[in-house]
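Okay, so here's the structure we're looking at.
No lab work stands behind these numbers, since they all come straight from the coordinates. What you see is a predicted model, and the numbers here were worked out from it, not measured in a lab. Methodologically, a virtual Cβ is constructed for each residue, glycine included, from the backbone with ideal geometry; neighbour enumeration extends over all protein chains shown.
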Amino acid sequence: MQPSHRHFRVRPIIVPANAEAEIVIEPLHGHVRLDPAVSYEVRGYPCEEFAQRTGWPERPLASATVVDGSMRVRCWFEGEQEHVLLVERLEGERRVTVADIRVYSLEPDLLARRPYKGDLHIHTNRSDGRESPAYVAGRAREIGLDFQAITDHRRYEPSLEAIAAYEGVEIDLRLFPGEEVHPPRNPIHIINFGGSFSVNALFQDADAYAAAVRQVADELPEPPAGVDPYQYASSTWCFRKIREAGGLGIFCHPYWFTDHRYTPSGALTSHLFRERPFDAYEVIGGYHLHEADSNTLQVARYHDERAEGRTHPIVGVSDAHGCDRNELFGWYYTIVFAADGGLPGLIDAVKGLYSTAVEALPGQVARAFGPFRLVKYSLFLMREYFPRLDELCAEEGRLMLAHAAGDASAAQALARLSGRTSRLSAELIRR
Ligand SMILES: [Zn+2]
Ligand SMILES: [Zn+2]
């Protein structure tokens, strides 16, 4: 975060593009005092575009008034980009920088959406993870997530268990159903995010499943040489079922190196990319540090696909198998730009290409992947917006964990905090 955003309360920091907006800059902690008797000038620097209307760049662009110790700056924000507002105090010939404020202006489609952070692929001890579903959910809020689906291997019930653990408790983390789907005799891994029924459960009736896949295989054109027709038909059937359940079908970690090779086969992966039976692609998967090549390949593949005219919807996921193992948990997530934080809104936004995948490895600068426009905005959000919300989420997460551990007073405390992140978001983003 820009130090000035710690020393001043700045509202809003996200404004409409190609319009004038008023930014209120209020000193915090008494580091700086704004004095109505002193002359200030505010220069606005659009970081990317040369300003057409306001002129570039060496003249005061904004009008500033100090009332009751706070500064109100009116400025025209051109285009979709970040702006530096440099607040200077005039002392004769000298100019002293008082604050370096950052504001982002957005086109209407993005301004109408709120950014939500989430993890769409994570495990608990109900499969091969370490902790209980309720615990994993509490930890998710503690690290600032807005939504999560628990997606255990072959099991849908753990995701429902997490939801049930907070039944009747006012939490602002959205918990959705989910599972990692492993079709029989097919090495592909698929996430059913948010689907209203389990696809894994459908494999129990082996004859019905086999007949259904045969029917899909008969409908589909013959896949190219090297692609196993059963694997292709089975994968397609799973993605169709997830869609039928109202979920988002995610093609998981195609460049996972296991058993001395990538899984699934390159031929099947390429065919799936061409035909796209899936709804979203794990462009950033939950890989350990020694597996970083797999994410590098997935990102390279994403760009090649786009160059060939196929822009796939993307997600970034932790695939963590434990929150307290100091790996994977919190390293990777998705930012979804959605009209609301409900399941249909989030799914529509991902399918509509309004998402980025984030890699935030410990000790390294976080990086976002996806379309340029959204990456640019995500970097601003990760620096100036999310840290503010994360502070509130951490407190809620600790109370969720207390509730899950049997503290009867935690639910009441959570009810008092409910709605706080939405209110802060509404203060920071001016629609
Ligand atoms: Zn997997
Ligand atoms: Zn997994």
Cα shape, region 217-299, gyration tensor, a/c 1.5 rule: oblate
Please give the residues of region 218-256, grouped as numeric ranges, whose backbone N is less than 14 Å from a label point set 7 Å along the Cα-to-Cβ vector of R185. 228-235
More than 27 angstrom separation, counting every C-alpha pair in region 1-148; what % is that? 39
Contact order normalised by length for region 3-111, with contacts defined as Cα pairs under 8 Å and 6 or more residues apart; what percent is it? 33
At q = 0.12 Å⁻¹, work out log10 I(q)/I(0) for the chain with the Debye formula, treating every Cα as an identical point scatterer and leaving solvent out; two decimals please. -0.99
Nearest 10, in degrees from 0 to 90: the angle of helix 266-275 to the longest Cα principal axis of the chain is 70
Can you sort T124, T65 so the residue with the fewest Cβ neighbours within 10 Å comes first? T65, T124
State to the nearest 20 debye the size of the charge dipole of region 253-401 about its Cα centre, where the only charges are +1 on K and R beta carbons and -1 on D and E beta carbons. 460
If r is the Cβ-Cβ distance from A366 to A405 and R0 is 22 Å, what FRET efficiency results, to the nearest 0.05? 0.10
Among Q364, Q148, Q231, determine the one that fluctuates most according to a GNM of the chain built with springs between C-alpha atoms less than 10 Å apart. Q364
The chain: most fluctuating residue of P183, P158, P362 per GNM, C-alpha cutoff 10 Å: P362
If I model a spin label at R11 and Q215 as a point 7 Å from the Cα along the Cα→Cβ vector, what separation in nanometres do I get? 5.7
Mind checking region 297-366 for GluC sites (Glu not before Pro) that DSSP puts in a loop (not H, G, I, E or B) and that have at most 11 other Cβ atoms within 10 Å? E308
Sorting N18, G341, N192 by the position of each Cα along the dipole of the chain (Lys, Arg +1; Asp, Glu -1; all at Cβ), the one nearest the positive end of that ordering is N18
Positive-end extreme of charge dipole, the chain - chosen from L399, A64, P223 (charges on Cβ): A64
Assign one of three labels to region 188-265, namely rounded, prolate or oblate, based on the Cα gyration tensor with a ≥ b ≥ c the square roots of its eigenvalues; rounded applies when a/c is under 1.5, prolate when it is not and a/b is larger than b/c, and oblate otherwise. oblate
In order over region 326-339: 3J(HN,Hα) from phi, Karplus 6.51/-1.76/1.60, θ = phi - 60°, whole Hz, x for each Gly or Pro, gives 6, 7, 6, 4, x, 7, 9, 7, 10, 9, 10, 9, 10, 5
Please check: in the Gaussian network model of the chain (C-alpha springs, under 10 Å), which one of H189, H83, H29 has the largest mean-square fluctuation. H29
Cross-link reach list, aspartates and glutamates versus K117, counting only Cα pairs under 13 Å and skipping chain neighbours closer than eight places: E142, D146, D172, D340, E359, D390
Within 14 Å, Cβ to Cβ, of Y156, how many net charges do the neighbouring residues add up to if Lys/Arg are +1 and Asp/Glu are -1? -1
